[in-house]
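Student: One structure is given below, represented as structure tokens, and several questions about it will come after.
Read-outs: derived from the displayed coordinates by stated rules, not from any lab. These numbers were taken from a predicted model, which means no experiment stands behind them. Counting neighbours? That spans all protein chains shown, and the Cβs are built from the backbone with ideal geometry, glycine included.
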Amino acid sequence: MKYDAEVKISLKKGILNPEAATIQRALALLKYQVENTKTLQIIKFSIEGDSEDSVRQKVDEMCQKLLCNPVIHNYEIGITPED
Amino acid sequence: MKVAIIRFPGTNCDRDVYHALELAGGEPEYAWWNQRDLSSFDGIIIPGGFSYGDYLRAGAIAAITPVINGIKDAVEAGKPVLGICNGAQILAEIGLVPGVFTNNSHAKFLCRWTELKVKTTRTPFTSMYSTGDIIRMPIAHAEGRYYNDEIQKLKDQDQVVLAFEGENPNGSMEAITGVCDEDGLVCAVMPHPERASEVILGSDDGLKFFKGMVDY
């Protein structure tokens with residue numbers, strides 16, 4: 001069965017996000033006062049698997065081996081059966 | 001000393017490092033990302049550049065290529081390994097040195113000369129300096145801000161190799177810009193010693209990195 005996988009990668013709490021800080025300053029230039037700006041990275045792909053659980057486990061391995069750096073990143077995995 | 005200079009797609013400081021190593025009396029030879037066996041070499045340098053376009057994170061994709069096995073074998077065999085700039089990012093991604101080199105604190109690629117303090121002489125690469133020496137070498141990176149959630153352990157174990165002196169241009173923790181593993185044989189530095197290996201380049205302060213390696 002085919003599943004759609006989505007990995008959402010964010011910086012851990014307290015880790016500086018220069019990209020978000022720059023975007024927030026740019027919004028301020030346009031007179032939009034906002035706070036707590038964050039940027040996230042989303043990686044999506046389709047993957048074949050027997051069950052949602054086994055696919056989730058495989059994607060978790062991908063996160064630990066390549067997609068994320070555990071020193072600075074948190075990640076969330078979303079798995080949905082492909083229509 | 002026969003030294004492997006590792007090339008990935010996107011590496012661009014390989015020839016500079018080759019030249020600097022020859023100046024220091026070493027025997028450099030290029031090795032590619034898909035070469036698994038590096039056992040014929042006495043040491044390894046991972047030069048700077050933008051391996052795999054810095055996609056995902058700087059160094060992340062290079063860190064899973066076959067040559068990494070050869071590098072890990074060399075570390076186990078007690079051979080000296082130096083990562084410069086992108087090479088430093090790769091060593092941090094593999095986990096051969098602690099911490100991570102991530103986006104500079106300001107949205108800017110920094111390419112400039114810096115003053116650096118030598119913090120330890122126990123690595124082969126810094127063995128010809130004295131602790132506290134101030135040296136001049138250039139930096140050239142967008143992802144060089146050092147971060148480590150166990151900074152005290154790093155200092156207690158004498159794993160800080162270089163720190164910016166005066167200005168801290170990229171926002172690194174405690175201005176750290178060079179670290180080593182616990183044994184001191186794997187060394188990751190963001191500044192470019194090869195770009196400071198001859199007086200005609202503006203400084204030859206970096207040449208001792210290569211001389212120290214060759215002498216090891």
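Student: Being more than 14 Å from chain A (Cβ to nearest Cβ) and surrounded by fewer than 21 Cβ atoms within 10 Å (Cβ to Cβ) is the filter here, so list the residues in the stretch B:51-68 that pass it.
Tutor: B:Gly53, B:Pro66 - these are the residues of the stretch B:51-68 that are more than 14 Å from chain A (Cβ to nearest Cβ) and surrounded by fewer than 21 Cβ atoms within 10 Å (Cβ to Cβ).
Student: Condition (residue is within 14 Å of another protein chain (Cβ to nearest Cβ) and assigned to a loop (DSSP other than H, G, I, E, B)) applied to the stretch B:83-96: is it met by at least one residue?
Tutor: There is at least one residue in the stretch B:83-96 that is within 14 Å of another protein chain (Cβ to nearest Cβ) and assigned to a loop (DSSP other than H, G, I, E, B).
Student: Here is a follow-up. I'm checking my understanding of the structure. Among residues of the stretch B:97-109 that are out of contact with any helix residue (DSSP H, G or I) (no Cβ under 8 Å at 6 or more places or on another chain) and under 21 Å from B:Tyr52 (Cβ atoms), which one is farthest from the other protein chains (Cβ to nearest Cβ)? Give the derivation first.
Tutor: Our first condition is that a residue be out of contact with any helix residue (DSSP H, G or I) (no Cβ under 8 Å at 6 or more places or on another chain); within the stretch B:97-109, this holds for B:102, B:108-109.
Checking the rest, the ones that are also under 21 Å from B:Tyr52 (Cβ atoms) come to B:102, B:109.
Values: B:Thr102: 6, B:Phe109: 12 Å.
The qualifying residue farthest from the other protein chains (Cβ to nearest Cβ) is B:Phe109.
Student: Scan (1) farther than 24 Å from B:Glu22 by Cα; (2) part of a loop (DSSP other than H, G, I, E, B) for the single condition B:Thr121 breaks and write down its number.
Tutor: (1)
Student: Check A:Leu29, A:Leu40 and return the single one that is exposed (fewer than 13 other Cβ atoms within 10 Å of the Cβ) and either away from chain B (no Cβ under 13 Å) or touching a Phe, Trp or Tyr at 6+ places or on another chain (Cβ under 7 Å) (or both).
Tutor: Working: A:Leu40 fails: exposed (fewer than 13 other Cβ atoms within 10 Å of the Cβ).
Every option except A:Leu29 fails the conditions.
Student: Residue by residue through the stretch A:32-76, note down the ones that are more than 30 Å from B:Leu96 (Cα to Cα), without any contact (Cβ under 8 Å) to a residue 24 or more places away in the chain and aliphatic (A, V, I, L, M).
Tutor: A:Val34
Student: Sort through B:Thr120, B:Thr131, B:Thr126 and tell me the only one that's crowded, with 18+ Cβ neighbours inside 10 Å and farther than 23 Å from B:Leu201 by Cα.
Tutor: Values: B:Thr131 fails: crowded, with 18+ Cβ neighbours inside 10 Å; B:Thr126 fails: farther than 23 Å from B:Leu201 by Cα.
That would be B:Thr120, the only listed residue that is crowded, with 18+ Cβ neighbours inside 10 Å and farther than 23 Å from B:Leu201 by Cα.
Student: Among the residues of the stretch B:52-90, how many are farther than 21 Å from B:Met190 by Cα and of a type in the set (Gly, Ala, Ser)?
Tutor: The total comes to 4.
Student: Any idea which residue in the stretch B:124-147 is farthest from the other protein chains (Cβ to nearest Cβ), counting only those that are in contact (Cβ under 8 Å) with a residue 24 or more places away in the chain, among the small types (Gly, Ala, Ser) and in a loop (DSSP other than H, G, I, E, B)? So that I can check it myself, show each step before the final result.
Tutor: Our first condition is that a residue be in contact (Cβ under 8 Å) with a residue 24 or more places away in the chain; within the stretch B:124-147, this holds for B:124-129, B:134-147.
Narrowing further to those that are among the small types (Gly, Ala, Ser): B:127, B:140, B:142, B:144.
Pick out the ones that are also in a loop (DSSP other than H, G, I, E, B) and you get B:127, B:142, B:144.
Details: B:Ser127: 29, B:Ala142: 10, B:Gly144: 12 Å.
Filtering the stretch B:124-147 for residues that are in contact (Cβ under 8 Å) with a residue 24 or more places away in the chain, among the small types (Gly, Ala, Ser) and in a loop (DSSP other than H, G, I, E, B), the one farthest from the other protein chains (Cβ to nearest Cβ) comes out as B:Ser127.
Student: Any idea how many residues of the stretch B:34-71 are assigned to a helix (DSSP H, G or I) and of a type in the set (Phe, Trp, Tyr)?
Tutor: Counting residues in the stretch B:34-71 that are assigned to a helix (DSSP H, G or I) and of a type in the set (Phe, Trp, Tyr) gives 1.
Student: Hey, does the stretch A:8-25 have a residue that's surrounded by fewer than 16 Cβ atoms within 10 Å (Cβ to Cβ), within 10 Å of another protein chain (Cβ to nearest Cβ) and over 23 Å from B:Phe101 (Cα atoms)?
Tutor: There is at least one residue in the stretch A:8-25 that is surrounded by fewer than 16 Cβ atoms within 10 Å (Cβ to Cβ), within 10 Å of another protein chain (Cβ to nearest Cβ) and over 23 Å from B:Phe101 (Cα atoms).
Student: Answer yes or no: is there a residue in the stretch A:51-66 that is among the aliphatic types (A, V, I, L, M) and closer than 30 Å to B:Met173 by Cβ. Before the answer, list the steps.
Tutor: Of all residues in the stretch A:51-66, those among the aliphatic types (A, V, I, L, M) come to A:55, A:59, A:62, A:66.
Within this subset, residues satisfying the condition of being closer than 30 Å to B:Met173 by Cβ are A:62, A:66.
The answer is yes; a qualifying residue exists.
Student: Considering only residues of the stretch B:13-51 that are touching a Pro at 6+ places or on another chain (Cβ under 9 Å) and of a type in the set (Val, Ile, Thr), which is farthest from B:Val186 (Cα to Cα)?
Tutor: Of everything passing the filter in the stretch B:13-51, B:Val17 is farthest from B:Val186 (Cα to Cα).
Student: May I ask you to verify whether B:Ala74 is touching a residue at least 12 places away in the same chain (Cβ under 8 Å), of a type outside the set (Lys, Arg) and either touching a helix residue (DSSP H, G or I) at 6+ places or on another chain (Cβ under 8 Å) or in a helix (DSSP H, G or I) (or both)?
Tutor: Details: touching a residue at least 12 places away in the same chain (Cβ under 8 Å): yes; of a type outside the set (Lys, Arg): yes; either touching a helix residue (DSSP H, G or I) at 6+ places or on another chain (Cβ under 8 Å) or in a helix (DSSP H, G or I) (or both): yes.
For B:Ala74, the condition - touching a residue at least 12 places away in the same chain (Cβ under 8 Å), of a type outside the set (Lys, Arg) and either touching a helix residue (DSSP H, G or I) at 6+ places or on another chain (Cβ under 8 Å) or in a helix (DSSP H, G or I) (or both) - is met.
Student: Which condition number does A:Glu35 fail, the rest of (1) within 18 Å of B:Thr102 (Cα to Cα); (2) more than 14 Å from chain B (Cβ to nearest Cβ) being met?
Tutor: So A:Glu35 meets the others, but not (1).
Student: Sticking with this structure for a sec: Among the residues of the stretch A:49-60, is there at least one that is surrounded by fewer than 11 Cβ atoms within 10 Å (Cβ to Cβ), under 17 Å from the mean Cα position of the chain (by Cα) and more than 9 Å from chain B (Cβ to nearest Cβ)? Give the derivation first.
Tutor: The first filter runs over the stretch A:49-60 and keeps only residues surrounded by fewer than 11 Cβ atoms within 10 Å (Cβ to Cβ), leaving A:50, A:53.
From the residues that got through so far, the ones that are under 17 Å from the mean Cα position of the chain (by Cα) too are none.
So far as the stretch A:49-60 goes, no, none of its residues is surrounded by fewer than 11 Cβ atoms within 10 Å (Cβ to Cβ), under 17 Å from the mean Cα position of the chain (by Cα) and more than 9 Å from chain B (Cβ to nearest Cβ).
Student: Filter the stretch B:197-215 for residues that are touching a strand residue (DSSP E or B) at 6+ places or on another chain (Cβ under 8 Å) and over 10 Å from B:Gly26 (Cα atoms) and give the result.
Tutor: Hits for the stretch B:197-215 are B:Gly202, B:Ser203, B:Asp204, B:Asp205, B:Gly206, B:Leu207, B:Phe209.
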